[in-house]
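**Student:** Starting off with a structure, shown below.
The values are calculated or read from the model by the stated rules, or taken from the named source; none is laboratory data. Please read these numbers as outputs of a predicted model, since none were measured by experiment. All Cβ positions, glycine included, derive from the backbone under ideal geometry; neighbour counts span all protein chains shown. Keep in mind that these areas ignore ligands, DNA and RNA; they rest on the heavy atoms of the full protein, side chains included. Shrake-Rupley method; radii C 1.70, N 1.55, O 1.52, S 1.80 Å.
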Amino acid sequence: MTDPLVLFMPSGKRGRFPAGTPVLDAARELGVYVESVCGGRGICGRCQIEVQEGQFAKHGITSSNDHISEFGAKEQRYADKRDLKPGRRLSCSATIQGDLVVDIPQDVQVNAQIVRKAADTRVFERKPAVQLCYVEVEEPDMHKPLGDLDRLKVAIEADWGFSHILVDQYLFPEVQSILRKGGWKVTAAIHQDEETGRPSLIALWPGLHNEAYGIACDIGSTTIAMHLVSLLSGQVIASAGTSNPQIRFGEDLMSRVSYVMMNPDGREAMTSAVREAVDGLIGQVCADSMVDRGNVLDAVFVGNPIMHHLFLGIDPTELGGAPFALAVSGAVHTWAGDLGLAANKGCRVYVIPCIAGHVGADAAAATLSEGPHRQDDMMLLVDVGTNAEIVLGNSNRVVAASSPTGPAFEGAEISSGQRAAPGAIERVRIDPATLEPKFRVIGSELWSDEEGFAESVEATGITGICGSAIIEVIAEMFLAGIISEDGVVDGALAEKSPRIVADGRTFSYVLHDGAPRLTVTQNDVRAIQLAKAALYAGIKLLMDKLDIARVGQIRFAGAFGSFIDPKYAMVLGLIPDCDLDKVSAVGNAAGTGARMALINRDFRREIETAVRNIEKIETALEAKFQDHFVAAMALPNKTDPFPELAKAVTLPPRKTVAAAGDGAAVGGRRRREGGRRARS
């Protein structure tokens with residue numbers, strides 16, 4: 001009988017374990033970081049987990065609470081003394097009884113994922129959709145029967161020029177008491193998104209009120225980033241981020257669509273999860289800045305199409321296959337309360353439009369931020385994530401596409417991979433003569449060969465390899481001659497260095513020979529090749545559409561893009577050749593675009609117009625995609641020259657290393673599978 005299969009999220013690590021194995025032991029054997037400071041006595045509560053129920057088709061797992069042991073005595077004792085949230089279990093006590101998908105909650109992790117999406121410091125002209133208007137209202141008169149609310153409207157029109165004002169329903173029973181409490185002096189919040197639209201009275205305070213805030217939020221498939229912005233000054237007051245809790249339903253976008261299709265309540269579960277996370281972030285940024293939620297009056301949200309749909313409560317099933325139909329592509333106007341978000345009762349929500357079925361509002365917001373449509377130079381804008389979104393063009397023409405790179409760049413599907421967290425290796429260098437590595441770890445500023453490094457990482461340990469390091473280590477392995485241009489680890493080098501070790505029918509590179517031992521396997525290299533080839537092929541298709549051979553500048557967007565070294569991205573062949581001085585990271589450009597739309601409503605009109613003019617390219621329908629994909633499997637590319645890169649880096653001479661085993665196959669079945677994956 002086959003042992004139960006256990007999948008840990010968000011790391012994506014999995015393995016089979018005998019029934020009766022404590023979940024904590026399984027996690028440790030797989031290198032999944034689960035905090036436990038009490039030695040498994042059930043006292044500290046740091047080892048909490050949650051079992052995710054449902055069918056996870058991508059992983060071939062049906063997970064259920066029936067597949068874990070019953071609530072034990074240690075757990076009951078802890079629950080009686082402290083608060084153990086419903087559905088939580090202690091992994092030191094609970095044992096595996098069947099197939100499981102296990103989520104490690106962020107709130108109990110000491111080494112929690114770092115969400116690196118800070119606001120940039122650009123200043124934009126302020127023209128928000130919400131304006132505060134202080135007015136003095138004429139008191140009621142026996143000879144003038146006009147109602148209190150009507151006289152308020154007259155005063156607002158006389159002093160501020162807003163006419164034909166609509167009034168939010170919740171204010172009708174409150175207007176009279178507010179007017180009298182303020183001695184007929186009140187502050188009204190007027191919302192007017194479009195110049196030609198009718199203004200709305202959305203909030204009212206007695207006397208003078210001079211606080212108004214808005215939320216700019218980027219809902220990514222992996223992380224959610226939020227900024228609290230003063231609508232009066234345009235300044236960012238507070239920022240916060242968290243992992244997207246939907247990760248427990250699936251690492252990548254298609255696995256989440258699959259979860260919805262396989263589980264009747266899947267859509268509702270994921271909608272609730274993301275809304276609760278967003279509402280929690282609103283509470284966090286308000287608490288951090290001592291702002292009352294009632295003063296949050298406007299919000300702008302962006303996200304890829306599937307995050308967009310799930311946040312709005314829309315079933316994303318149609319996005320799971322051709323023709324990838326969006327339920328709604330244009331801008332969405334709604335109320336925060338309708339989305340389960342606690343803010344002012346009149347708080348409005350604006351969702352930036354999506355570009356296409358797999359190029360979402362986040363790509364549109366990044367386009368607004370970086371402005372390829374506003375310049376003459378040909379700009380390539382790439383947001384590298386589980387689903388890479390690509391925008392290319394200038395003021396004459398802009399095209400866009402998406403490429404499903406999968407979660408490999410974020411640490412999933414990599415044997416020693418993990419998300420960015422203290423203890424994760426983030427930078428790597430390899431000596432081409434000795435093949436010895438040195439690296440840096442998140443939480444320490446020292447390189448591993450510097451004095452004091454061991455002491456600096458004593459608290460966090462060295463736990464895995466995050467996305468930026470995965471790119472660097474494979475690029476460095478190529479530059480050092482450890483792997484060929486076809487991505488095959490050269491086993492002959494085992495005679496030269498103990499870092500090259502046999503791994504079944506292939507070879508691996510030992511990056512850290514400690515506890516845990518961290519290696520880069522042949523399958524790891526192949527996973528990165530598949531991901532980078534999908535992205536590069538998408539870029540090449542857009543270049544073909546514009547009939548250009550090179551780009552003028554490249555912008556990396558997103559949290560992950562911010563920490564990619566452009567040189568290594570180009571060595572890997574993630575992006576086309578370009579002057580390295582013209583390649584830069586622009587941080588959370590989607591969040592910046594959301595902030596722009598929050599601060600100035602004219603930006604909303606700009607991006608709505610730009611999106612209508614962007615040409616959408618569906619990679620799955622393009623005959624050249626497979627040719628570009630196959631060429632892009634090589635490092636940096638089998639056919640495209642890289643003269644600009646060659647000015648900065650000495651590329652190794654081409655050599656051929658015989659592949660061994662399915663995991664190392666360069667052509668044939670594995671490549672065709674990669675092609676299908678990239679086009680799915």
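Yes or no, residue by residue, for (1) open to solvent by less than 10 Å² (accessible area, probe 1.4 Å); (2) at negative phi:
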site: Pro432; (1), (2): no, yes
site: Trp447; (1), (2): no, yes
site: Gly452; (1), (2): no, no
site: Ala459; (1), (2): no, yes
site: Ile470; (1), (2): yes, yes
site: Ala475; (1), (2): yes, yes
site: Leu479; (1), (2): no, yes
site: Ile483; (1), (2): yes, yes
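**Student:** I would also like to ask the following. From the list Gly294, Gly313, which one is outside any helix (DSSP H, G or I), open to solvent by 10 Å² or more (accessible area, probe 1.4 Å) and either at pLDDT 95 or above or among the hydrophobic types (A, V, I, L, M, F, W, C) (or both)?
**Tutor:** Matching residue, one of Gly294, Gly313: Gly313.
**Student:** Oh, and also: Of all the residues that make up segment 417-430, how many are within 14 Å of Glu472 (Cβ to Cβ) and not aliphatic (A, V, I, L, M)?
**Tutor:** Of the residues in segment 417-430, the ones within 14 Å of Glu472 (Cβ to Cβ) are 417, 420, 424-430.
Cutting the leftovers down to not aliphatic (A, V, I, L, M) gives us 417, 426-427, 429.
Count: 4.
**Student:** Same structure, new question: Quick check: anything in segment 323-331 crowded, with 23+ Cβ neighbours inside 10 Å and of a type in the set (A, V, I, L, M)? Quick ask: steps written out before the conclusion?
**Tutor:** Filtering segment 323-331 down to residues crowded, with 23+ Cβ neighbours inside 10 Å leaves none.
Scanning segment 323-331, I find no residue that is crowded, with 23+ Cβ neighbours inside 10 Å and of a type in the set (A, V, I, L, M), so the answer is no.
**Student:** Given the conditions (1) open to solvent by less than 10 Å² (accessible area, probe 1.4 Å); (2) in a strand (DSSP E or B), and given that Gly241 satisfies all but one, which numbered condition is not satisfied?
**Tutor:** Condition (1) is where Gly241 drops out.
**Student:** What's the total number of residues in segment 244-287 that are open to solvent by 30 Å² or more (accessible area, probe 1.4 Å), among the polar types (S, T, N, Q) and either closer than 13 Å to Ala225 by Cα or in contact with a Gly (Cβ under 7 Å, 6 or more places away or on another chain) (or both)?
**Tutor:** 1
**Student:** Have a look at Arg550, Arg517 and point out the one that is more than 30 Å from Gly491 (Cβ to Cβ) and either modelled with pLDDT of 95 or more or basic (Lys, Arg) (or both).
**Tutor:** The match here is Arg550.
**Student:** State the number of residues belonging to segment 475-493 that are closer than 19 Å to Ala631 by Cβ and in contact with a strand residue (DSSP E or B) (Cβ under 7 Å, 6 or more places away or on another chain).
**Tutor:** Looking only at segment 475-493, we keep the residues that are closer than 19 Å to Ala631 by Cβ, and these are 475, 478, 483-488.
From the residues that got through so far, the ones that are in contact with a strand residue (DSSP E or B) (Cβ under 7 Å, 6 or more places away or on another chain) too are 483.
So the answer is 1.
**Student:** Related question: Within segment 355-392, how many residues are among the charged types (D, E, K, R) and more than 15 Å from the chain's Cα centre (by Cα)?
**Tutor:** Result for segment 355-392: 4.
**Student:** Exactly one condition in (1) open to solvent by 10 Å² or more (accessible area, probe 1.4 Å); (2) more than 27 Å from Gly561 (Cα to Cα); (3) not acidic (Asp, Glu) is false for Ser497; which is it?
**Tutor:** Against the list (1) open to solvent by 10 Å² or more (accessible area, probe 1.4 Å); (2) more than 27 Å from Gly561 (Cα to Cα); (3) not acidic (Asp, Glu), Ser497 comes up short only on (1).
**Student:** Further question: For segment 359-393, which residues satisfy the criterion of being without any contact (Cβ under 8 Å) to a residue 60 or more places away in the chain, assigned to a loop (DSSP other than H, G, I, E, B) and more than 16 Å from Arg595 (Cβ to Cβ)?
**Tutor:** Taking segment 359-393 as the starting set, the residues that turn out to be without any contact (Cβ under 8 Å) to a residue 60 or more places away in the chain are 360, 371-372, 374-376.
After this cut, where a residue has to be assigned to a loop (DSSP other than H, G, I, E, B) as well, the list is 360, 371, 375-376.
Listed by number, the residues that qualify are Gly360, Gln375, Asp376.
**Student:** Let me ask something else about it. Within the bounds of segment 8-28, is there any residue that is among the acidic types (Asp, Glu) and outside any helix (DSSP H, G or I)?
**Tutor:** Let us first name the residues in segment 8-28 that are among the acidic types (Asp, Glu), namely 25.
Now narrow it down to the ones that are outside any helix (DSSP H, G or I): none.
No, segment 8-28 contains no residue that is among the acidic types (Asp, Glu) and outside any helix (DSSP H, G or I).
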